[in-house]
Every structure is written in C-alpha cells, then in structure tokens.
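Student: My questions all concern the structure below.
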Amino acid sequence: MKADIVIRGGTILDESGERRGDVAIAGDRIVGVGDGLTGDREIDAGGCLVTPGFVDLHTHLRQPGKEEAETIETGSRAAALGGYTAVLAMPNTTPTIDSASVVREVLELGRAAPCDVHTSGAITVGRAGEQLAPMAEMAKLGVRVFTDDGSGVQDDRLMRRAMEYAAGLGVLLAQHCEVTSLSEGTCMHEGEVSARLGLPGQPSEAEELMVMRDIALSRLTGARMHFQHISTAGSVAMISAAKAAGMAITAEAAPHHFTLTDESCAGYDATFKVHPPLRSAGDLAAVRAGLASGDLDAIATDHAPHAPQDKELPFDKAPPGMLGLEYALALALTNLVDSGIGMTVSDVIAALSWKPARIAGIDDHGRPIAVGSPANLAVFDPEHRWCIDASGGASRSRNVPYVGMEVRGRVTATILAGEAVVLDGKAQR
Ligand code: DOR
C-alpha cells in the first residue's frame, strides 16, 4: 500500500522492545514497519526514538469556565508538543463536568484538538462531596474515569457507594487523596521548611489517611481504584503493599513530585504551590523509587494552568498548580533515567504511554508499533539538551516551576490518527 507518511531511520520503542526501522502510515493506520519504506512525505527520525504517543491521565484544560488560563485548544496543543496523543481532562471546571450535557460540550470542543480529548466525570455533583453524580449517564457517552480531582471525596459512606456504583458500571474511580480536616488553611508541606518560612503546613498524613481508607474500601467493595498524584513515602509504601496483596490498584505520580521538593517554596513564589504540595527529599526519593519499581504505574502531568494575575498573589492566597505537558518527557528522562535509580527509557515511555492508556481504557493509544495499529505516535530526540524557559510554551498560562533547568529529550514530531500535528518541534494546528 502507498504510504502517506514514512518516519525514517528512527529507533522504534514500544511494549515489545526496541528495534531499528521505518514506520509507514496510510490514513490513520500504520501500514508498514521495516527498512527502506517509502511514502509521499518523509519525517527524518535519525537519532530519534519513535514510540506510541503519550497519554496523560491528569490534564486541567480549564474549559468551560476558566478560558483565561487555558482552553481545550491551547491545552491540547501543549499536549501535542509534549508528545501526547491523548489526554484525560479533569472535571473541576465551571460548571463541573458532572452531567451528560457538560461531557458532551467538552467532547465536542475536543474534536478539533490536536490530540484526542477524553474527559473524566465528577464522582459527586458539583464535586461538593454530598451526592453521587449521574455516572451511568456520563459512562454512556464514553466516560471511563470518575474523580472529584481538586479535592477528595471526604465522606466514607459516600465513597463506598461510589465504589459499588462504579464497579457495577465497569468504570474506574480515581482519587485526589486529601483529608480536608488536616489540609484546610494550609499552603505547603508540613515540615522543617514550612516551620522556617512560617507558612501553614499540610502533613503527609492528609494524603495518607485517604489512601489508607480507599485501599480498605476497595478491599470491601472489590472496586478498582486509581490514586492520583501520589506524593509521600507513606502513600507509596501502602500502594506497594496493596499491590503485593493482589489488589486492583493503580497509581500515578506527577513530574513535579519527582523533580522538586518543599525547599523550592523558600522564595515564597506561588509558582511552586501545588496540591498535593511539594514534599521532602525523602518523599521525592520514594516517588522515584515507586516509579522505578512500577508500583506507581504512570507519570501523569497534573498540568494545572493558572493565569499570571492569579499566580502573582501571595503564596497562601494563590491557587495551586503548575504546567506539565511540555516538560514531562524531558523531566522524566533527566530525573528518572539519569539519576541512577534503575529506570530505563523504556520504563519511562511505559509510564507515559501504554500503562496510562490501559488504566483509562484509552484503547487506540499506547499500542504496539505494528501493521494495523492506529497511527498515534511520538518522535523525540532523547539526547537533545535544552533549558526550560518561562514562556509556558503553547499554554495560555506561564506557571512553570522548572525555569532554568537543563534537561534532555525533545519531541520533534507527534502523529495523531495519521496526521503530523507536530513537525520539527512545531505545532501544525
Ligand atoms: O495543584 C493542583 N491544582 N492540584 C489539584 O488537585 C487541582 C489543580 C487545579 O485544578 O489547579
């Protein structure tokens, strides 16, 4: 078959391993893998890795309601530039994504985006933690993951009911683990640094108590459970133990939690404010080790754009969150592979691509690079060294906590359903 695009001369890396070869694409499929393939258009992948496109389990696209910070268009462009071919939007928008009509609106806006936009739905109406949202109605539209992200479901009995409901529907519950009675009024991790800065700190236990409860409730109900942006050593240990006991549990970690510690908050710059907060060096090491062992399955960005005027507020008043989509790959290669914790490039791509795709049931992504597979691919130069700047890239916001960091790994091309949406590191739409 005549190919539209040939990705030439790269090293293919997918779940089945690593090999040299060209990849030929016609329409939205891979039609050839091998040597000397030809097509109408060629993408030079010399020195690059060609992998399944990345899948972000945790993206705040801010639409509807906070379009001054991000839109589905700008957020998905940032995703494509970061090598992502699919993202899972978080439901803490205005209005909340807690009904079929808002799900429809987001999916409709997502159709024009340069990556596949999936959405999560809220577990409770308005994320208020009081009444279950109509999950069945949203599941009918293809929603596979439910979360109240931005906050956790506080009420134990309601969470139990949510798990029973979700198990019956065959959907996944994902939890932002934070017990508000311990976290209310806090703005950073509780420890030596918060004491020094005089800022109210949130103990690790605010996260860990909810991880502990949800493991218990998952055992009680048999529901699958996914833990979002895990940040403490204690949480990693509980998740490891639950997995060793055979429980149906998955977890993700965010780039900032394996890159930065609470020491970054020392300048009172709210760019470094995030929930859960940047933790201690020991927690950072535990998150890295959890990713290396695979007990933390996925790297998820928690890309959380906030408009500059909001992030310029004093540390205790500013909203939490930081950008991630255009930095995750490079931060992972630099801080996970190069830090000597035993993580390979292949482990990193597993955590960015096929593992999250599988967790969220995003079937057309993360697939092996083989004839017949959907052509959703990332091409990147793993040795390209660059310095992260303050521009914020394609995002509407600029809350980048990594400014000045030297990293390696840059996406040169992203292919979505056979279309080169990023070429030579530039967005094509
Ligand atoms: O830092 C955060 N920002 N954590 C969250 O859970 C929510 C997110 C946001 O929406 O800004």
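Student: Do the conditions hold for residue 380, that is, is it of a type outside the set (Gly, Ala, Ser), more than 16 Å from the ligand (Cβ to nearest atom), crowded, with 19+ Cβ neighbours inside 10 Å and more than 17 Å from the chain's Cα centre (by Cα)?
Tutor: yes
Student: Let me ask something else about it. Restricting attention to region 1-54, which residues are of a type in the set (Gly, Ala, Ser), more than 24 Å from residue 114 (Cα to Cα) and assigned to a strand (DSSP E or B)?
Tutor: Answer for region 1-54, where residues must be of a type in the set (Gly, Ala, Ser), more than 24 Å from residue 114 (Cα to Cα) and assigned to a strand (DSSP E or B): 9, 17, 21, 34.
Student: Is it true that residue 326 is under 15 Å from residue 402 (Cα atoms), away from the ligand (no atom under 15 Å from the Cβ) and at pLDDT 95 or above?
Tutor: It is true that residue 326 is under 15 Å from residue 402 (Cα atoms), away from the ligand (no atom under 15 Å from the Cβ) and at pLDDT 95 or above.
Student: Restricting the first residue to region 152-165 and requiring it to be under 22 Å from residue 229 (Cβ atoms), which pairs with a second residue that is surrounded by fewer than 16 Cβ atoms within 10 Å (Cβ to Cβ) meet a Cβ separation below 7 Å and a spacing of at least six or different chains?
Tutor: 154/180
Student: Let me ask something else about it. Please name all residue pairs, on different chains or six or more residues apart, with Cβ atoms under 6 Å, provided the first residue is in region 270-287 and is free of Cβ contacts under 8 Å to residues at least 40 places away in the same chain and the second residue is not charged (D, E, K, R).
Tutor: 281/261; 284/261
Student: Could you please tell me which pairs satisfy a Cβ distance under 7 Å, a separation of 6+ or placement on different chains, a first residue in region 98-125 that is over 13 Å from residue 63 (Cβ atoms), and a second residue that is buried (at least 23 other Cβ atoms within 10 Å of the Cβ) and basic (Lys, Arg)?
Tutor: Pairs that qualify, where the first residue is over 13 Å from residue 63 (Cβ atoms) and the partner is buried (at least 23 other Cβ atoms within 10 Å of the Cβ) and basic (Lys, Arg), are 114/77.
Student: Given the conditions (1) within 19 Å of the chain's Cα centre (by Cα); (2) more than 16 Å from the ligand (Cβ to nearest atom); (3) under 20 Å from residue 331 (Cα atoms), and given that residue 285 satisfies all but one, which numbered condition is not satisfied?
Tutor: So residue 285 meets the others, but not (1).
Student: Any residue at all in region 281-291 that's outside any helix (DSSP H, G or I) and crowded, with 24+ Cβ neighbours inside 10 Å?
Tutor: Among the residues of region 281-291, not one is outside any helix (DSSP H, G or I) and crowded, with 24+ Cβ neighbours inside 10 Å, which makes the answer no.
Student: Let me ask something else about it. Quick check on region 294-304. Is at least one of its residues modelled with pLDDT of 95 or more, under 28 Å from residue 394 (Cβ atoms) and over 17 Å from the mean Cα position of the chain (by Cα)?
Tutor: No - not one qualifying residue is present in region 294-304.
Student: Among 305, 314, 356, 320, which is crowded, with 17+ Cβ neighbours inside 10 Å and more than 16 Å from the ligand (Cβ to nearest atom)? Write out each step before concluding.
Tutor: Details: 305 fails: more than 16 Å from the ligand (Cβ to nearest atom); 314 fails: crowded, with 17+ Cβ neighbours inside 10 Å; 320 fails: more than 16 Å from the ligand (Cβ to nearest atom).
After ruling out the rest, the residue left standing is 356.
Student: Another question, if that's okay. From the residues in region 139-159 that are within 16 Å of the ligand (Cβ to nearest atom) and surrounded by fewer than 22 Cβ atoms within 10 Å (Cβ to Cβ), which one is nearest to the chain's Cα centre (by Cα)? Reasoning before the result, please.
Tutor: We begin by selecting, within region 139-159, every residue within 16 Å of the ligand (Cβ to nearest atom); these are 145-154.
Next, only the ones that are surrounded by fewer than 22 Cβ atoms within 10 Å (Cβ to Cβ) stay: 150-151, 154.
Numbers: 150: 14, 151: 17, 154: 23 Å.
By that ranking, first place goes to 150.
Student: Go through (1) away from the ligand (no atom under 14 Å from the Cβ); (2) not in a strand (DSSP E or B) and name the single condition residue 94 misses.
Tutor: Of everything listed in (1) away from the ligand (no atom under 14 Å from the Cβ); (2) not in a strand (DSSP E or B), residue 94 misses just condition (1).
The values are calculated or read from the model by the stated rules, or taken from the named source; none is laboratory data. Owing to the predicted nature of the structure, the values given are computational and were not obtained by experimental measurement. Note: ideal-geometry Cβ built from the backbone for every residue, glycine included; neighbour counts use all protein chains shown.
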